[in-house]
Amino acid sequence: MNETKNLVENIIKGIQEKKGMAIVVADMAGVEGSICRYFVICQGNSPMQVGAIAESVEDFVREHSGEKPVKVVGLENAVWVAMDYTEVIVHIFVPDTREYYNLEGLWEDAELTRIPEID
C-alpha cells in the first residue's frame with residue numbers, strides 16, 4: 001500500500017513540475033468493480049501542455065519510483081492522455097474535454113481529494 005501511495009505522490013509531483021492544474025485524486029477502493037486503486041485527474045491549458053505533463057509524470061515516476069506505465073494512450077491529440085500504472089491511472093485533460101467527460105462526477109462514489117495549487 002505504501003508503494004502505491006508513494007506512486008501517487010510522485011505522479012502529483014510530476015504533474016506539478018509542468019504546472020498541471022486542478023489535481024484530484026480519486027480513491028477507488030470503495031467503488032465496486034473499479035479497475036484500479038486510484039485515479040489521478042488533472043488538466044493542462046493546451047494539448048502541448050498536456051503532452052508535457054504526461055512526459056514529466058513518466059520521467060518523474062521512473063526516476064523516483066522506478067516504474068513505467070503499462071500503457072499510455074492519447075498522446076496523438078493530447079486532449080485526454082491516460083497513463084496506466086496498474087494500481088493508478090492518470091488522466092490528463094484539456095479543460096473542455098475534462099468538463100465533458102466529468103470523471104469526478106462519473107465516479108462520485110470515490111473519495112475525492114483535491115490537491116492545492118502550488119505557485
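The values are calculated or read from the model by the stated rules, or taken from the named source; none is laboratory data. Being a predicted model, the structure only gives us computed values, none of them experimental. All Cβ positions, glycine included, derive from the backbone under ideal geometry; neighbour counts span all protein chains shown. Heads up: the accessible areas ignore ligands, DNA and RNA and are worked out on the full protein's heavy atoms, side chains in. Shrake-Rupley method; radii C 1.70, N 1.55, O 1.52, S 1.80 Å.
Data overview
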{"quantity": "Simple Cβ-charge dipole of the chain, Lys/Arg +1 and Asp/Glu -1, about Cα centre, in debye nearest 20", "calculated": "220"}
{"quantity": "Ranked packing of 15-26, 60-71, 103-114, most packed first, by mean Cβ within 10 Å", "calculated": "15-26, 60-71, 103-114"}
{"quantity": "Rounded to 5, the percent of DSSP beta bridges in the stretch 1-109 classed as antiparallel", "calculated": "70"}
{"quantity": "Simple spin-label estimate for Val73 and Glu117 in nanometres, 7 Å along Cα-Cβ", "calculated": "3.1"}
{"quantity": "Solvent-accessible area per residue for the chain (1.4 angstrom probe, square angstrom)", "calculated": "57"}
{"quantity": "Inter-label distance for Glu32 and Glu99, nm, one decimal - labels placed 7 Å from Cα along Cα-to-Cβ", "calculated": "3.4"}
{"quantity": "For the chain, with +1 on Lys and Arg beta carbons and -1 on Asp and Glu, the positive-most of Leu75, Pro95, Leu106 along the dipole", "calculated": "Leu75"}
{"quantity": "All lysines inside 21 Å of Lys68 as judged from Cα atoms, apart from same-chain residues fewer than 8 positions distant", "calculated": "Lys5, Lys13, Lys18"}
{"quantity": "The chain - mean residue ellipticity at 222 nm from DSSP helices (-39,500 (n - 2.57) per run, n ≥ 4, rounded to 500)", "calculated": "-12000 deg cm²/dmol"}
{"quantity": "Whether the stretch 61-114 is rounded, prolate or oblate, judged on the alpha carbon gyration tensor where a/c under 1.5 counts as rounded", "calculated": "oblate"}
{"quantity": "Share of carbon and sulfur in the accessible heavy-atom surface of the chain [1.4 Å probe, %]", "calculated": "48"}
